[in-house]
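Single-structure report; data block below.
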Amino acid sequence: MAKIHEECGVFGIYSPDISDVADDAYYALFALQHRGQESCGIVVNKAGVMNSHRDLGLVNDVFNHQTLSALGQGHIAVGHVRYGTADTGKRRNAQPLTINHIKGSLAVAHNGSLTNMASLRRELELTGSIFHTTSDAEVIAYHIIKQRLNSDSIEQAVIRAMSVLQGAYSLVLMSPRKLIGARDSLGFRPLCLGQRGGAFMLASESCALDAVGAHFLRDVAPGEVVVIDENGLRSFTEHCHSGAKAMCVFEYIYFARPDSTLDGDSVHRARQRAGALLAQTHPVEADVVIGVPDSGIDAALGYARQSGIPYGIGLIKNKYIGRTFIQNTQQQREDSVRIKLNALHSTVYGKRVVLIDDSIVRGTTSARLVKLLREAGVSELHMRICSPPFLYPCYFGTDVDSQDKLIACRHNVEEIKQIIGVDTLAYLKIEDLPQLTESYQAGFCHACFSGQYPVDVSKAGVRNWLEKPIM
């Protein structure tokens, strides 16, 4: 089965005046760094001329004073951080992509994964299109350009192209005079809108708006296209539906920063609710509750408050190490755990400890954490997981491995408990997911837990034109 695709972060800004939009994009990408640590890029538009810089590495590795100065000032900027899987470390796949076409130029930043990418790319190749990357973003860009040939405006081209795009996509696009945001009709991936003075901004998460001093206006609705230009903000809702949506529930459990708000719900509160639900459904007698940094901390607070067991800081994180969940190889994941976290002996020594984490995917990281805490002298270790077991692959942009590598597909809870070495183990019940957020009744995607995919994925894993499919 093909390797599962990655999570990314997108940002865009439109300023009515020439300004340091590259700096704004730089700081916003810093705030979105958790969404992608393989590569990043910024494109700046001044008077229709697009200057671009993108490369492999973290934001502060790729950009410095010289590179930002070279991008110059402008009216519009688009930025992207990319989250890689195995064998994807190629600069050509860094975004945003910039493409010159017969009616102008286009920059594209994409978060998500198309389920019909293979067929869309094949269709373009048969008509003579030549691809320079292996990304969904290039396929999306070419279909927009194809529609632009027979459209009166770039936004009309985007709206028409969305009719053939299937799966998950949140897009930030830039033409010579416009900034455009678009979200798939089920809203798999987040996208929000902000304002600072006369400038408008689009971002994957509201924390990026906070980082540049912008005021959060609202979320871009599933299926909506927003256009920002010299005439202000306009909205197009041809692809909006009043029915179900499918925001990835794992955004609330793990991906998003806790200080972000997604579709009207606080990520911080959602994680606290998860912890409280675990305390209600899987109580245990213990002396202290600790969370695995960072996403497990809020849930640990919720568990402690609900259970009455004191909360403590039991694991110290090296803040200069990236997320182990997004290291490119399993060996890298295992090695990085050794230097990423350390146990605080004074909190856990001789104690009965409840350890809260967001998920167990392969089980190796959990086993190393347990070993770390055992060596620190815990007397009992009870692990509680803020998500149901991963049982199915994701085709919408989340790095959940194929079923042969998902530990819950090969072992039951009792067996997993023995493998990772805890005294007790319990997961959040899938039927409790609706209680994480106030808006859950509108519908979320939990296919990686339930196998209930909101769209047809029968061909989503088939990408015969690539040896190693990546975004």
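What follows is calculated from the coordinates using simple rules that are stated; it is not laboratory data. Please read all numbers here as calculations on a predicted model, not as lab measurements. Virtual Cβ from ideal backbone geometry, glycine too; neighbours counted across all protein chains shown.
Distance between the 7 Å Cα→Cβ label points at ASP404 and GLN156: 5.0 nm. Working from label points 7 Å from Cα in the Cα-to-Cβ sense, the ASP432 to PHE131 distance is 4.2 nm. Counting only other residues whose beta carbon sits under 15 Å from that of THR237, what net charge do I get with K and R as +1, D and E as -1? Neighbour charge sum, excluding THR237 itself: 0.
Extension gain for the segment ALA47 to ARG122, taken as residue separation times 0.36 nm less the Cα-Cα distance, is 23.5 nm to one decimal. Across every direction, the projection of the convex hull enclosing the Cα atoms of the range 9-246 has a mean area of 11.9 nm².
Exposed loop sites, defined as GluC sites (Glu not before Pro) outside DSSP H, G, I, E and B with at most 15 other Cβ atoms within 10 Å, are absent from the longest region of the chain, namely 1-229.
For the listed peptides 278-284, 403-409, a ranking on the average number of other beta carbons within 10 Å per residue, highest first, reads 278-284, 403-409. Remark: the GLU375-SER163 segment gains 70.7 nm on full extension, using 0.36 nm per residue and subtracting the alpha carbon distance.
Share of pairwise Cα-Cα distances greater than 27 Å in the range 266-450 is 23 percent (whole percent).
The relative contact order of the range 266-450, computed from alpha carbon pairs under 8 Å that lie at least 6 residues apart in sequence, is 22 percent. Label-to-label distance, LEU217 versus ASN231, with points set 7 angstrom from Cα along the beta-carbon direction: 1.5 nm.
Classified by the C-alpha gyration tensor, the range 147-200 has an oblate form. Its axis ratio a/c, with a ≥ b ≥ c, is 1.5 or above, and a/b does not exceed b/c. Other residues lying with their Cβ under 12 Å from the Cβ of SER69 contribute a combined charge of -2, Lys and Arg counting +1, Asp and Glu -1.
Rounded, prolate or oblate: which fits the range 35-108, taking a ≥ b ≥ c as square roots of the Cα gyration tensor eigenvalues, rounded meaning a/c under 1.5, else prolate when a/b beats b/c? Cα axes put the range 35-108 in the oblate bin. Taking every C-alpha pair closer than 8 Å and separated by at least 6 residues, the mean separation divided by the residue count of the chain gives a relative contact order of 16 percent.
For the range 1-77 versus the range 124-152, the spacing of their alpha-carbon centroids is 22 Å. With Cα atoms as the point set, the radius of gyration and Dmax of the chain evaluate to 22.2, 71 Å. Taking 0.36 nm per residue of sequence separation and removing the Cα-Cα distance, the ARG362/ARG92 pair yields an extension gain of 94.2 nm. Farthest towards the positive end of the charge dipole of the range 266-450, among the residues HIS446, ALA343, GLY397, is the Cα of ALA343, using unit charges on the Cβ of Lys, Arg, Asp and Glu.
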